[in-house]
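Peer 1: What follows is a structure written as structure tokens; I'll ask about it next.
The values are calculated or read from the model by the stated rules, or taken from the named source; none is laboratory data. Remember, it's a predicted structure, so these values are computed and weren't measured experimentally. Neighbour counts run over all protein chains shown; Cβ positions are idealised from the backbone, glycine included.
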Amino acid sequence: MERTKAQQEIYDSIPHRPPFLFIDEMVEVGEESASARRTVQATEPYFEGHYPGNPIMPGVLLCEAVFQTAAVYMSQRLKKEGGGMSEKVPLLSRIQEAKFKNMVTPRDVLDIEVKMKESVSRFHFMRGTIKKEGKLVLSVEFALVLADKTA
């Protein structure tokens, strides 16, 4: 299957691949923030067992979409600063204040945004949100650490 330019940008930035890739395209990557988009497909395998007959995207996967957006942001930020992710891997080191406000179901289009709050050494404290149709679905505060790759 041939990838679009938007998909290739993600594939070049993080190691995640389907079926564990939860962003479709990066909309914007700025100095202090990034945004991505995801269209939830009815054929996604977790829907078979997560509320059969009334499929709901699991909250942990919504958080993962935010974290993947942040990882792409960090990768592109490092590249811009002259470094790269070839020797580093962004790892989640903290999750706090995750709040779920609305359900996500098949065919929903998610707008994902991450914002840098503060960097301390190799730890990066961020805030993420997901909205659908302009309404808040998730807000979460978290931290990523840039760790050395082991393999």
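Peer 1: Give the residue that is modelled with the highest pLDDT, with candidates limited to residues of segment 70-103 that are within 14 Å of the chain's Cα centre (by Cα) and part of a helix (DSSP H, G or I).
Peer 2: The qualifying residue modelled with the highest pLDDT is Ala70.
Peer 1: Right, another one. Return the pairs, sorted by first residue and then second, in which the second residue is at pLDDT below 95 and part of a strand (DSSP E or B), the first residue lies in segment 88-109 and is under 20 Å from Asp24 (Cα atoms), the beta carbons are less than 7 Å apart, and the residues are 6+ apart or on different chains.
Peer 2: Sorted first by the residue in segment 88-109, then by its partner, the pairs are Pro90/Leu146.
Peer 1: Name the single residue, out of those in segment 1-23 being polar (S, T, N, Q) and either out of contact with any helix residue (DSSP H, G or I) (no Cβ under 6 Å at 6 or more places or on another chain) or outside any helix (DSSP H, G or I) (or both), that is farthest from Lys79 (Cα to Cα). Spell out the reasoning first.
Peer 2: Applying the first criterion (polar (S, T, N, Q)) to segment 1-23 yields 4, 7-8, 13.
Now drop any that are not either out of contact with any helix residue (DSSP H, G or I) (no Cβ under 6 Å at 6 or more places or on another chain) or outside any helix (DSSP H, G or I) (or both), which leaves 4, 7-8.
On the way: Thr4: 21, Gln7: 18, Gln8: 16 Å.
That would be Thr4.
Peer 1: Out of everything in segment 101-151 that is within 15 Å of Gly59 (Cα to Cα) and small (Gly, Ala, Ser), what residue ends up being surrounded by the fewest Cβ atoms within 10 Å (Cβ to Cβ)?
Peer 2: By that ranking, first place goes to Ser139.
Peer 1: Within segment 24-55, take every residue that is hydroxyl-bearing (Ser, Thr, Tyr) and part of a loop (DSSP other than H, G, I, E, B) and give me the one that is nearest to the chain's Cα centre (by Cα).
Peer 2: Step one: filter segment 24-55 for residues hydroxyl-bearing (Ser, Thr, Tyr), giving 33, 35, 39, 43, 46, 51.
The next check asks that each one be part of a loop (DSSP other than H, G, I, E, B); those that pass are 43, 51.
On the way: Thr43: 20, Tyr51: 23 Å.
Among residues in segment 24-55 that are hydroxyl-bearing (Ser, Thr, Tyr) and part of a loop (DSSP other than H, G, I, E, B), the one nearest to the chain's Cα centre (by Cα) is Thr43.
Peer 1: I'm trying to understand the selection: among the residues of segment 13-30, which are in contact (Cβ under 8 Å) with a residue 12 or more places away in the chain and of a type in the set (Asp, Glu)?
Peer 2: If the condition is that a residue be in contact (Cβ under 8 Å) with a residue 12 or more places away in the chain and of a type in the set (Asp, Glu), then Asp24, Glu25 are the ones that fit.
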